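Colleague: Dropping the structure in here first, questions after.
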Amino acid sequence: MGLFDWFTTKSAPARAEASPAPSSAAGGATATAVAVADPSADELTGTWTIDPSHSSLGFVARHAMVTNVRGTFDEFEGTGVIDAANPAASSATVLIAAASVNTNVADRDGHLRSADFFDVETYPELRFASTAVERVDAETFRVTGDLTIKDVTRPVTVDFTSTGFAQDPFGNLRAGFEGATSINRKDWGLEWNAALETGGVLVSEKVKLVFDISAIKSA
């Protein structure tokens, strides 16, 4: 068995948890996030920290040639530095705990952690470090970088589209981005498979990576 998909559940980064936004009128309504207009270049420029509890790093692979199977990594952290005036000076890094892979099937997760796939005892982390960033248009950043799985590092490119900005009840400025790309898992040494009697293989070589990011401006 085996398959890929990256999502998340982890506590948000410790940052200004100022007192909640004031409640409205008597009776104290629950504080809510407030959508804000697209930030200025000065507001966008700075360091942004991924909030894992409201983000997902996902992968999807075809199983038995007929259906998609999804999974998640439950532990990761990441930081992006945005220079709105000079996007080429922007950067991003992400670290993922390989053992946190989770497809909601214990046997499959155990197989994914084994030497057939991620070999988490030997290679406990997956890593991404950007090598180039360009702004495609007002809403899209194209991020190219080195993805390391096990002992193999290869380039990937992902277009991230802005999904909006908001000030949360604790005073944090949040930005949302989503993106996707596809890779061939064999390029990273994830070669295990099983032939089907009806033809084809159990696990597709092509894996779709899907990212939904909520980031908090931290500097």
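Colleague: When residues of the range 177-209 are filtered for being closer than 21 Å to Ser56 by Cα and surrounded by 18 or more Cβ atoms within 10 Å (Cβ to Cβ), how many remain?
Modeller: Going residue by residue through the range 177-209, those that are closer than 21 Å to Ser56 by Cα are 177-185, 206-209.
Narrowing the set further to residues that are surrounded by 18 or more Cβ atoms within 10 Å (Cβ to Cβ) leaves 177, 179, 183, 185, 207-209.
Counting residues in the range 177-209 that are closer than 21 Å to Ser56 by Cα and surrounded by 18 or more Cβ atoms within 10 Å (Cβ to Cβ) gives 7.
Colleague: Could you look through the range 124-145, keep only residues that are in a loop (DSSP other than H, G, I, E, B) and under 19 Å from the mean Cα position of the chain (by Cα), and pick out the one that is modelled with the lowest pLDDT?
Modeller: Ranking the qualifying residues of the range 124-145, first place goes to Glu139.
Colleague: Looking for whichever is in contact with a Ser or Thr (Cβ under 8 Å, 6 or more places away or on another chain) and farther than 23 Å from Ser53 by Cβ here; the options are Ala175, Ala132. Which one fits?
Modeller: On the way: Ala175 fails: farther than 23 Å from Ser53 by Cβ.
Matching residue, one of Ala175, Ala132: Ala132.
Colleague: While we're looking at this one, here's another question. Condition (residue is farther than 18 Å from Val210 by Cα and in contact with a His (Cβ under 8 Å, 6 or more places away or on another chain)) applied to the range 117-134: is it met by at least one residue? Explain how you work it out, then say what you get.
Modeller: Within the range 117-134, the subset farther than 18 Å from Val210 by Cα is 117-125, 131-134.
From what is left, the residues that are in contact with a His (Cβ under 8 Å, 6 or more places away or on another chain) are 117.
Checked the range 117-134: at least one residue is farther than 18 Å from Val210 by Cα and in contact with a His (Cβ under 8 Å, 6 or more places away or on another chain).
Colleague: When the range 57-111 is examined, which residues are found to be at positive phi and not aliphatic (A, V, I, L, M)?
Modeller: Asn104
Colleague: Let me ask another. Does any residue of the range 135-150 turn out to be more than 30 Å from Lys217 (Cβ to Cβ) and either surrounded by 17 or more Cβ atoms within 10 Å (Cβ to Cβ) or among the hydroxyl-bearing types (Ser, Thr, Tyr) (or both)? Walk me through it before giving the result.
Modeller: Kept after step one, since they are more than 30 Å from Lys217 (Cβ to Cβ), are these residues of the range 135-150: 150.
Narrowing further to those that are either surrounded by 17 or more Cβ atoms within 10 Å (Cβ to Cβ) or among the hydroxyl-bearing types (Ser, Thr, Tyr) (or both): 150.
The answer is yes, given that some residue of the range 135-150 is more than 30 Å from Lys217 (Cβ to Cβ) and either surrounded by 17 or more Cβ atoms within 10 Å (Cβ to Cβ) or among the hydroxyl-bearing types (Ser, Thr, Tyr) (or both).
Colleague: Out of everything in the range 64-107 that is in a strand (DSSP E or B) and charged (D, E, K, R), what residue ends up being surrounded by the fewest Cβ atoms within 10 Å (Cβ to Cβ)?
Modeller: The first filter runs over the range 64-107 and keeps only residues in a strand (DSSP E or B), leaving 67-73, 76-82, 91-97, 101-102.
With the extra rule that they be charged (D, E, K, R), the set shrinks to 70, 77.
Values: Arg70: 17, Glu77: 15.
Going through the qualifying residues, I end up with Glu77.
The values are calculated or read from the model by the stated rules, or taken from the named source; none is laboratory data. Small disclaimer: the values here were computed from a predicted structure and weren't measured. Because the Cβ atoms are built from the backbone with ideal geometry, glycine has one as well, and the counts that use them run over all protein chains shown.
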